[in-house]
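First comes the structure, then the notes that go with it.
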Amino acid sequence: MGHDMSLSSQNSTDTTSGATAAKAGAKADANMQWGGRFAGGPSQIMQAINASIGFDKAMWKQDIAGSLAHAAMLAHTGIISAEDEVAIREGLTAIGKDIEAGRFEFSEALEDIHMNIEARLSERIGEPGKRLHTARSRNDQVATDFRLWTRDALDGLDQQVASLMRALARRAEEHASDPMPGFTHLQTAQPVTFGHHLMAYVEMLARDRGRLADTRKRLNECPLGSAALAGTSFPIDRKMTARTLGFDRPTANSLDSVSDRDFALEYLSALSIMAMHLSRLAEEIVIWCSSPFSFIRLSDAFTTGSSIMPQKRNPDAAELVRAKTGRITGSLVSLLTVMKGLPLAYAKDMQEDKEPVFTATDAAALSLAACDGMVRDMTANTAQMRALAGSGFSTATDIADWLVRVLKVPFRTAHHVTGRLVAKAEEKGIGLADLSLADMQAEEPGITNDIYSVLTVDASIASRTSEGGTAGSNVQREARRWLAALDAEPAATSEGA
């Protein structure tokens, strides 16, 4: 209000004329869409808060696809003529080409992608364009477009996850028997192989793919035809539009159809769990790259230097993947908060549903690409990993297992004996394998020289043959199994090596 008053107080004829013209233009745009109900156009503030074209134009392909399916159905059922459907189809196709070529001018006054395309269609083809919105509302239109966009995003991310799994499995096969320290509490626990460690992320990502697939399955119902909230009196064929758009079926309840955003919430939930997995991998890459560990090295492609320390090679790509998790989980919380108090059916609050999904999708796609690149790029320092695999008395559990297996000592007793042997080695500043047989027998007289056969890192790893264990043969078998499954998928042939 203050802005309008200050303008009116100015004596400039040009300024006043410009403001008047702008208001008249806004009024014309508003009246073109809303008819005669509202005499005045929206205020600048209302226009700014109400418009979504700045972000929902990302759904232009889905909006055109939905409109083409709707028009075809309207013609099929005799609601519009075949000639009108042809004009609509040709007009929408031309608009799609204009948008793709950057020739389409989006108007904030027309609020959203749906109104922008519909207004341009009517300008281009006249009366047939005005018949397109028969038997639908923006409520079911946006719900359909949003599902289509999310479904496309799901399919794209699924292939990215598969590519990262493939990269991890290939590196795991390469390092199936290379020892590294296994950690709990980030303290050396038992020796494992680098391949086994990488395969853990393959399993995590496989669950992520499962969640994405489940989300897609529940998402794949078509809201189009639910109209504003109550359905329509026109004799539409919802099964036809659902089938045309690749949905499994129409949604069952018109109120739920236009107000449901569970599919977006479930999608963001799946992305949040996946982002957490990627963040864990990124954190490990950061640790592995650090000088005290030096387990891996990343090339200049995924690191940056320091502005004052020429020796630095910072794993910035991994750190940024770690940080992107905040954007993704924040998007989930944002949409949950938007939806938590909305009565049925549609409310304008739901305009805030798309930006979190778009933001999270971009962050997830970039994080997956970065992780994929780093896994393929990294060089493993197997000598350093092997050197540290036996540190921290990591084969202590193998002594306890030997006592149980060979001497039939109860495990709790074996655990205490092993603890005393660790304390003795620590006191002497030597490893367990360096304790003399006399030192061993002082704690358990039945110990023989055979115990030394289980104290090497390689022997410890080779003994872990239980299903899911770290033995090299297990890791190689699992890596090959996953690679075979992934390579058998239709899209696998298009993946990069």
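The values are calculated or read from the model by the stated rules, or taken from the named source; none is laboratory data. Everything numeric here is computed off the predicted structure, so don't read it as measured data. All Cβ positions, glycine included, derive from the backbone under ideal geometry; neighbour counts span all protein chains shown. Keep in mind that these areas ignore ligands, DNA and RNA; they rest on the heavy atoms of the full protein, side chains included. Shrake-Rupley method; radii C 1.70, N 1.55, O 1.52, S 1.80 Å.
The table below lists the values:
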quantity	calculated
Test result for Arg120, outside the structural domain of Arg261 (by the TED database), in contact with a helix residue (DSSP H, G or I) (Cβ under 6 Å, 6 or more places away or on another chain) and over 20 Å from Leu245 (Cα atoms)	yes
Ser279 being polar (S, T, N, Q), in the same structural domain as Asp208 (by the TED database), assigned to a helix (DSSP H, G or I) and farther than 15 Å from Ala153 by Cα	yes
Members of the stretch 182-195 found to be buried (at least 17 other Cβ atoms within 10 Å of the Cβ) and either over 18 Å from Ser473 (Cα atoms) or assigned by the TED database to the domain that holds Asp401 (or both), listed by number	Thr188
From the options Ala414, Ala387, residue that is aliphatic (A, V, I, L, M) and over 30 Å from Ile285 (Cα atoms)	Ala414
Set Ala87, Ala94, Ala71: member being over 27 Å from the mean Cα position of the chain (by Cα), over 30 Å from Gly210 (Cα atoms), surrounded by fewer than 18 Cβ atoms within 10 Å (Cβ to Cβ) and at pLDDT 95 or above	Ala94
Those residues of the stretch 219-239 which are part of a helix (DSSP H, G or I) and buried (at least 18 other Cβ atoms within 10 Å of the Cβ), in sequence order	Leu219, Arg238
Failed condition for Ser460, given (1) exposed (fewer than 14 other Cβ atoms within 10 Å of the Cβ); (2) touching a strand residue (DSSP E or B) at 6+ places or on another chain (Cβ under 6 Å); (3) of a type outside the set (Val, Ile, Thr)	(1)
Verdict on Glu118 being surrounded by 19 or more Cβ atoms within 10 Å (Cβ to Cβ) and on the phi > 0 side of the Ramachandran plot	no
Count - residues of the stretch 112-135 that are in contact with a Lys or Arg (Cβ under 9 Å, 6 or more places away or on another chain) and not in a helix (DSSP H, G or I)	1
Restricting the stretch 280-295 to residues that are open to solvent by 50 Å² or more (accessible area, probe 1.4 Å) and of a type outside the set (Asp, Glu), the residue that is modelled with the highest pLDDT	Arg280
First in the stretch 376-404 and under 12 Å from Val457 (Cα atoms) and assigned to a loop (DSSP other than H, G, I, E, B), second anywhere and modelled with pLDDT under 90 and open to solvent by 50 Å² or more (accessible area, probe 1.4 Å), Cβ under 6 Å, 6 or more apart	Ser394/Gln190
Glu266 being under 19 Å from Ala369 (Cα atoms), open to solvent by 30 Å² or more (accessible area, probe 1.4 Å), touching a Lys or Arg at 6+ places or on another chain (Cβ under 8 Å) and not aliphatic (A, V, I, L, M)	no
